[in-house]
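K.L.:
One structure is given below, represented as structure tokens, and several questions about it will come after.
The values are calculated or read from the model by the stated rules, or taken from the named source; none is laboratory data. This one's a predicted model, so the numbers in the text were calculated from it and none came from an experiment. Backbone-built Cβ (ideal geometry, glycine too); neighbour counts: all protein chains shown. Surface accessibility is based on the protein's heavy atoms, side chains included, excluding ligands, DNA and RNA. Shrake-Rupley method; radii C 1.70, N 1.55, O 1.52, S 1.80 Å.
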Amino acid sequence: MGDSELDGPDGLPPPPPVPPNVVPIKVEPVKKVSKPKRVPMARTGLGNKGNKIQLLTNHFKVAVSNADGYFFHYCVSLFYEDDRPVESKGVGRKVLDRVQETYASELAGKDFAYDGEKSLFTVGPLPQTKLEFTVVLDEMSSNRNTGNGSPAGNGSPNDADRKRMRRPYHSKTFKVELSFAAKIPMQAIGNALRGQESENSQEALRVLDIILRQHAAKQGCLLVRQSFFHNNPKNFADLGGGVLGCRGFHSSFRATQGGLSLNIDVSTSMIIQPGPVVDFLINNQGVRDPGGIDWAKAKRTLKNLRIKASPSNMEYKITGLSELPCDRQTFSMKQRNGRDANGDGEPEMIEMTITDYFVNIRRMELVYSGPLPCINVGKPKRPTYIPIELCTLVSLQRYTKALSVQQRSSLVEKSRQKPQERMAALTEAMKTNNYDAEPALRASGVTISSQFTQVEGRVLQPPRLKFGKGEDFTPRNGRWNISNKVFVEPIKVERWAIVNFSARCDIRGLVRDLTRLGEQKGMMIEPPFDVFEESPQSRRAPPPARVEEMFQQIRAKLPGAPQFLLCLLPERKNCNIYGPWKKKNLADLGIVTQCAAPSRVNDNYLTNVLLKINAKLGGLNSVLAIEHSCSIPFVSKVPTMILGMDVSHGSPGQSDIPSVAAVVSSRHWPSISRYRASVRTQSPKVEMVDNLFKPISDTEDDGIIRELLLDFYTSSKKRKPEQIIIFRDGVSESQFNQVLNIELDQIIEACKFLDEKWSPKFTVIIAQKNHHSKFFQPNSPDNVPPGTVIDNKICHPRNNDFYMCAHAGMIGTTRPAHYHVLLDEIGFSADELQELVHNLSYVYQRSTTAISIVAPVAYAHLAATQVSTFTKFDEMSETSSSHGGMTSVGSAPVPELPRLHENVRSSMFFC
């Protein structure tokens, strides 16, 4: 800068004088160059490595003969007679079915596909661009059908009775408007198959999906997005708590290299146990009899569920419960033939209880409803009460709350199917669905094969692993036994202690076995400094208080901070001490901790515990031989950082819980087995990672990526990564562009913020587990062998994707990982990239098996899940964050998580 700072008021020298004859030039406005948007890269070639294997897949070939036709899209508007728009869902299909029956000639005899809401599609145009119809539907009793909350829009059962006598059916008139919105060429499907995807091709496939949904709706199925569920009790499995797992099918049309295919898979949804309302409540709340039911809770659970009331079999929606029990809840009723004393002819009003009305006037026997609340199916101002024993829950009503641990494990167990069972179920589904009979499909010229598509896979060789004492080993069938092996880098465990929250435990035996097994693995485990037992009277305190009390004991007895604490918990899954315990250790004190539940302790269990302890304390259990000899293509020769990214959301029932984003990164290059994590909260249900780059001043960036880059630099002998490979979990195809253009831009900005001149090369890969493609061996009951990769036929016509089953599926049917390579500046060949992905499934330190997804993604998932248990967010205040403040994404501020303590920040605490 020199002396120029002293010259002008803003530190600039004064301008030179302007010569008199100068004509000023008009400055052209600078055009802002917008960066070209990145789009997913095209496939560069197919892999060749591995032994070829013939497989079947649950994709069914689709032929489209009407390639030159057009789908016409019409907007649907529904109104009541008085021009009020129809708000309620579920009525649309009935109304449009009636339109089709009544006005076939006005619709030129066309079949249509209706999505149940605002869109309707036909093959070819309707006679006019705007059509209006009026239809009448009979016996509309339920909210599901009409948006009318009470049996007859009336207050008392008596009114309903009188109206029912006067008019056997309630009918309702609807007005329907169809107006032309767009024209979609069917040719777009052909273009998609040639790799030219467009808005039109996605719309055209959406129309075909809607036709299948409509086909299922006509058969009375419950529809959940792309899945449908038949009302057949043989598909129901009791998960406990009044919840059933209902087995159904997922179906979606997909453009693939081999043409258009229909992907059909088995899927499961949770539904409410149908039948008497009281039975459901007893099960749901785990009580013995109606006397034990918590009615405030029952009211929340029942709201908006649909019931049938006997004996009329009319269907209603529950709006609430009566304040008083059935035998004390009264309503005003007109006396039918009584005249009042003045004789002026006005019918007399009398108060009557619901029980009296049903027993004495309707002549119905009530056995147990008297002392229980009634079900209210009326409007807030005009309740309509029905005794609870006359109410049964309708079948196929979704249960959308979070499942308990027991329900979840029961669901997993009951929805498992071996490969051959699954193939049989899918073959059966293709038969029963009878797609050939669907008129709208016929009109589109679509025919669906009933044969599984054949594909060729390749089985990659497993990588050699290195253990301690220079031992090399090749896993077989995706697994290895470490009972006679030494860890490649065992840790010495010195200053440690045991904390016992569990009443039943032989601690001396546990320490003896842990020490013996540790020694076999090369880990020297000193005797623990002490065992801290929880006093029985503390067990009734809230979990954070129990943890706090335990630490008072520890502080009083230990000379300094321990290197490690082994914590014994009373139950294995979902123990409420787990979150507060982890938070106290990892965020507040910086102590590495391992939890164990001593209910089923054997050598196998303890060996798994040792795998985790060694990794958490900085050791390594095994590494790849090519990692050890620095011969991984591209990765070993140039400083390369591998990232795994995931966002964990609250369970379905908790919409206001902040989501937790985790990014893990490799460290100690050229290692690809050591990782650390950075974790942040963000707005609920936001899938994009929000805090990758977060400048808080001109020189400070508080984002996730900077933290990880600095760690890579210091742990890799002061080398900056010249290549960054990103594995991103859990985004759908519709979000690929955001990952490429928003997240990647933030990562590049974080790099530039550290050093303007530094531009590493990027490879971006999406890893998906939630998809519906499965693979089967044609004449074998076994799952596909570990290492199977598929990159042809059912993969994308243009994009660079492949499926990999790296693990040995032991139970159920293997779910392959679907990898999409969105960008590859590093320049891998198909074989090299597939090999790298395969290898990264073998570096997971927590198990002695290959895992189904690359380790960095599995670690990101673990880190996000573990940190989200730190605290129940409802107890979390703004002050609980060690960095104060809130992070906000556009809308409401989100409480920020306490950051990890610096002592454990770079450890594999999530292992």
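To keep it simple, each residue is scored yes or no on (1) exposed (fewer than 15 other Cβ atoms within 10 Å of the Cβ); (2) at pLDDT 95 or above; (3) under 29 Å from residue 676 (Cβ atoms).
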residue: 724; (1), (2), (3): no, yes, yes
residue: 734; (1), (2), (3): yes, no, no
residue: 753; (1), (2), (3): no, no, yes
residue: 793; (1), (2), (3): no, no, no
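K.L.:
Being under 25 Å from residue 58 (Cβ atoms) and open to solvent by 30 Å² or more (accessible area, probe 1.4 Å) narrows it down to one residue among 392, 427, 453, 400; which is it? If you could, list the steps in order and put the result at the bottom.
P.N.:
Working: 392 fails: under 25 Å from residue 58 (Cβ atoms); 453 fails: open to solvent by 30 Å² or more (accessible area, probe 1.4 Å); 400 fails: under 25 Å from residue 58 (Cβ atoms).
Only one candidate qualifies: 427.
K.L.:
So, in segment 733-772, how many residues would count as being small (Gly, Ala, Ser) and without any contact (Cβ under 8 Å) to a residue 12 or more places away in the chain?
P.N.:
Just the residues of segment 733-772 that are small (Gly, Ala, Ser), to begin with: 734, 750, 759, 767.
Narrowing further to those that are without any contact (Cβ under 8 Å) to a residue 12 or more places away in the chain: 734, 759.
Selection size over segment 733-772: 2.
K.L.:
Take residue 764 and tell me if it is within 24 Å of residue 454 (Cβ to Cβ), assigned to a strand (DSSP E or B) and either at pLDDT below 95 or in contact with a helix residue (DSSP H, G or I) (Cβ under 8 Å, 6 or more places away or on another chain) (or both).
P.N.:
On the way: within 24 Å of residue 454 (Cβ to Cβ): no; assigned to a strand (DSSP E or B): yes; either at pLDDT below 95 or in contact with a helix residue (DSSP H, G or I) (Cβ under 8 Å, 6 or more places away or on another chain) (or both): yes.
Criteria not met by residue 764.
K.L.:
So how many residues does segment 800-819 have that are closer than 30 Å to residue 192 by Cβ and open to solvent by 30 Å² or more (accessible area, probe 1.4 Å)? Step through it out loud before you land on a result.
P.N.:
At the first step, the residues of segment 800-819 found to be closer than 30 Å to residue 192 by Cβ are 800-806, 813-819.
Of the ones still in play, those that are also open to solvent by 30 Å² or more (accessible area, probe 1.4 Å) are 815.
The qualifying residues number 1.
K.L.:
Can you confirm whether residue 269 is within 14 Å of residue 385 (Cα to Cα) and assigned to a strand (DSSP E or B)?
P.N.:
Details: within 14 Å of residue 385 (Cα to Cα): no; assigned to a strand (DSSP E or B): yes.
Against the criterion (within 14 Å of residue 385 (Cα to Cα) and assigned to a strand (DSSP E or B)), residue 269 does not qualify.
K.L.:
Quick test for you: out of 657, 642, pick the one residue that is open to solvent by 20 Å² or more (accessible area, probe 1.4 Å) and either closer than 29 Å to residue 706 by Cβ or touching a strand residue (DSSP E or B) at 6+ places or on another chain (Cβ under 9 Å) (or both).
P.N.:
Working: 642 fails: open to solvent by 20 Å² or more (accessible area, probe 1.4 Å).
Result: 657 is the single residue among 657, 642 that is open to solvent by 20 Å² or more (accessible area, probe 1.4 Å) and either closer than 29 Å to residue 706 by Cβ or touching a strand residue (DSSP E or B) at 6+ places or on another chain (Cβ under 9 Å) (or both).
K.L.:
Follow-up. So which residues in segment 118-149 are open to solvent by 40 Å² or more (accessible area, probe 1.4 Å) and modelled with pLDDT under 50?
P.N.:
From segment 118-149, those open to solvent by 40 Å² or more (accessible area, probe 1.4 Å) are 118, 125, 127-130, 132, 134, 136, 138-139, 144; that's our starting set.
Result: 144, single match.
K.L.:
When you go through (1) touching a residue at least 40 places away in the same chain (Cβ under 8 Å); (2) open to solvent by less than 20 Å² (accessible area, probe 1.4 Å); (3) touching a helix residue (DSSP H, G or I) at 6+ places or on another chain (Cβ under 9 Å) one by one for residue 834, which number turns out not to apply?
P.N.:
Just one mismatch for residue 834, condition (3).
K.L.:
Would you check which residues across segment 623-633 are farther than 23 Å from residue 904 by Cβ and either open to solvent by 30 Å² or more (accessible area, probe 1.4 Å) or touching a strand residue (DSSP E or B) at 6+ places or on another chain (Cβ under 6 Å) (or both) and list them? Explain how you work it out, then say what you get.
P.N.:
Going residue by residue through segment 623-633, those that are farther than 23 Å from residue 904 by Cβ are 624-633.
Correct list: 625, 626, 628, 629, 630, 631, 633.
K.L.:
Evaluate segment 523-538: report whether one residue or more is small (Gly, Ala, Ser) and at pLDDT 90 or above.
P.N.:
We begin by selecting, within segment 523-538, every residue small (Gly, Ala, Ser); these are 535, 538.
Filter once more, keeping what is at pLDDT 90 or above: none.
No: segment 523-538 contains no residue that is small (Gly, Ala, Ser) and at pLDDT 90 or above.
K.L.:
Going through segment 217-247 one residue at a time, which ones are part of a helix (DSSP H, G or I) and under 24 Å from the mean Cα position of the chain (by Cα)?
P.N.:
Step one: filter segment 217-247 for residues part of a helix (DSSP H, G or I), giving 217-218, 233-235.
Once the filter is applied, which keeps residues that are part of a helix (DSSP H, G or I) and under 24 Å from the mean Cα position of the chain (by Cα), segment 217-247 yields only 235.
K.L.:
Would you mention how many residues in segment 523-551 are more than 21 Å from residue 492 (Cβ to Cβ) and β-branched (Val, Ile, Thr)? Full working, then the answer.
P.N.:
Initially, segment 523-551 is screened for residues more than 21 Å from residue 492 (Cβ to Cβ), giving 532-551.
Filter once more, keeping what is β-branched (Val, Ile, Thr): 547.
Selection size over segment 523-551: 1.
K.L.:
Does segment 810-826 include one or more residues that are without any contact (Cβ under 8 Å) to a residue 12 or more places away in the chain and among the charged types (D, E, K, R)?
P.N.:
The answer is no, given that none of the residues of segment 810-826 is without any contact (Cβ under 8 Å) to a residue 12 or more places away in the chain and among the charged types (D, E, K, R).
K.L.:
Which of the residues belonging to segment 807-827 are part of a loop (DSSP other than H, G, I, E, B) and touching a strand residue (DSSP E or B) at 6+ places or on another chain (Cβ under 7 Å)? I'd like the intermediate steps shown before the answer.
P.N.:
We begin by selecting, within segment 807-827, every residue part of a loop (DSSP other than H, G, I, E, B); these are 807-816, 825-827.
807, 808, 814, 816, 825, 826, listed by residue number.
K.L.:
Also: In segment 586-608, how many are among the hydrophobic types (A, V, I, L, M, F, W, C), in contact (Cβ under 8 Å) with a residue 40 or more places away in the chain and under 23 Å from residue 519 (Cβ atoms)?
P.N.:
Filtering segment 586-608 for residues among the hydrophobic types (A, V, I, L, M, F, W, C) gives 586-587, 589, 591-592, 595-597, 601, 606.
With in contact (Cβ under 8 Å) with a residue 40 or more places away in the chain added as a condition, the list becomes 586-587, 589, 591-592, 597, 601, 606.
Among the residues that remain, those that are also under 23 Å from residue 519 (Cβ atoms) are: 592, 601, 606.
Qualifying residue count for the region: 3.
K.L.:
For segment 844-856, check the following and say yes or no: at least one residue is assigned to a helix (DSSP H, G or I) and either at pLDDT 90 or above or within 14 Å of residue 680 (Cα to Cα) (or both). Can you show your working first?
P.N.:
Initially, segment 844-856 is screened for residues assigned to a helix (DSSP H, G or I), giving 855-856.
Cutting the leftovers down to either at pLDDT 90 or above or within 14 Å of residue 680 (Cα to Cα) (or both) gives us 855-856.
Yes - at least one qualifying residue is present in segment 844-856.
K.L.:
Which pairs have Cβ atoms under 9 Å, sit 6 or more apart or on different chains, and link a residue in segment 703-716 that is under 16 Å from residue 618 (Cβ atoms) and open to solvent by less than 60 Å² (accessible area, probe 1.4 Å) to one that is of a type in the set (Lys, Arg) and in a helix (DSSP H, G or I)?
P.N.:
711/905
K.L.:
Any residue in segment 614-626 that's among the β-branched types (Val, Ile, Thr): show its pairings with residues that are open to solvent by 10 Å² or more (accessible area, probe 1.4 Å) at Cβ separation under 6 Å, as long as the two are six or more apart or on different chains.
P.N.:
What qualifies is 623/466; 623/488.
K.L.:
I would also like to ask the following. Which one of the conditions (1) touching a strand residue (DSSP E or B) at 6+ places or on another chain (Cβ under 8 Å); (2) of a type outside the set (Phe, Trp, Tyr); (3) surrounded by 20 or more Cβ atoms within 10 Å (Cβ to Cβ) does residue 459 fail to meet, given that it meets all the rest?
P.N.:
Checking residue 459 against (1) touching a strand residue (DSSP E or B) at 6+ places or on another chain (Cβ under 8 Å); (2) of a type outside the set (Phe, Trp, Tyr); (3) surrounded by 20 or more Cβ atoms within 10 Å (Cβ to Cβ), the one that fails is (3).
K.L.:
If I ask for residues that are part of a strand (DSSP E or B) and either among the small types (Gly, Ala, Ser) or over 13 Å from residue 908 (Cβ atoms) (or both), which ones from segment 663-678 would you list?
P.N.:
Step one: filter segment 663-678 for residues part of a strand (DSSP E or B), giving 663-666, 675-678.
The answer is 663, 665, 666, 677, 678.
K.L.:
Of the residues 237, 296, 216, which single one is open to solvent by 20 Å² or more (accessible area, probe 1.4 Å), small (Gly, Ala, Ser) and closer than 29 Å to residue 60 by Cβ? Quick ask: steps written out before the conclusion?
P.N.:
Details: 296 fails: closer than 29 Å to residue 60 by Cβ; 216 fails: open to solvent by 20 Å² or more (accessible area, probe 1.4 Å).
Just one listed residue meets the conditions, 237.
K.L.:
Looking at the structure I just gave you, is residue 403 part of a helix (DSSP H, G or I) and among the hydrophobic types (A, V, I, L, M, F, W, C)? Explain how you work it out, then say what you get.
P.N.:
Values: part of a helix (DSSP H, G or I): no; among the hydrophobic types (A, V, I, L, M, F, W, C): yes.
Judged against the criteria, residue 403 is not a match.
K.L.:
I want to confirm something. Restricting to segment 65-91 and keeping residues that are outside any strand (DSSP E or B) and not charged (D, E, K, R), which single residue is most open to solvent (accessible area, probe 1.4 Å)?
P.N.:
As a first pass, look at segment 65-91 and keep what is outside any strand (DSSP E or B): 65-69, 81-84, 86-91.
Right, trim to not charged (D, E, K, R) and you get 65-67, 69, 86, 88, 90-91.
Numbers: 65: 98, 66: 44, 67: 44, 69: 15, 86: 20, 88: 34, 90: 43, 91: 1 Å².
Among those that are outside any strand (DSSP E or B) and not charged (D, E, K, R), it is 65.
K.L.:
From the list 628, 668, 649, which residue is within 30 Å of residue 564 (Cβ to Cβ) and touching a Ser or Thr at 6+ places or on another chain (Cβ under 6 Å)? First the steps, then the outcome.
P.N.:
Values: 628 fails: touching a Ser or Thr at 6+ places or on another chain (Cβ under 6 Å); 649 fails: within 30 Å of residue 564 (Cβ to Cβ).
Answer to the check: 668.
K.L.:
Another question, if that's okay. Pick out, from segment 552-640, the helices (runs of 4 or more DSSP H) lying fully within it that include 1 or more residues that are of a type in the set (Lys, Arg) and closer than 21 Å to residue 489 by Cβ. First the steps, then the outcome.
P.N.:
Working: elements: 578-583, 603-616, 625-628.
Qualifying helices (runs of 4 or more DSSP H): 603-616.
K.L.:
Going through segment 531-547 one residue at a time, which ones are of a type in the set (D, E, K, R) and open to solvent by less than 40 Å² (accessible area, probe 1.4 Å)?
P.N.:
The first filter runs over segment 531-547 and keeps only residues of a type in the set (D, E, K, R), leaving 533-534, 539-540, 546.
Listed by number, the residues that qualify are 534, 546.
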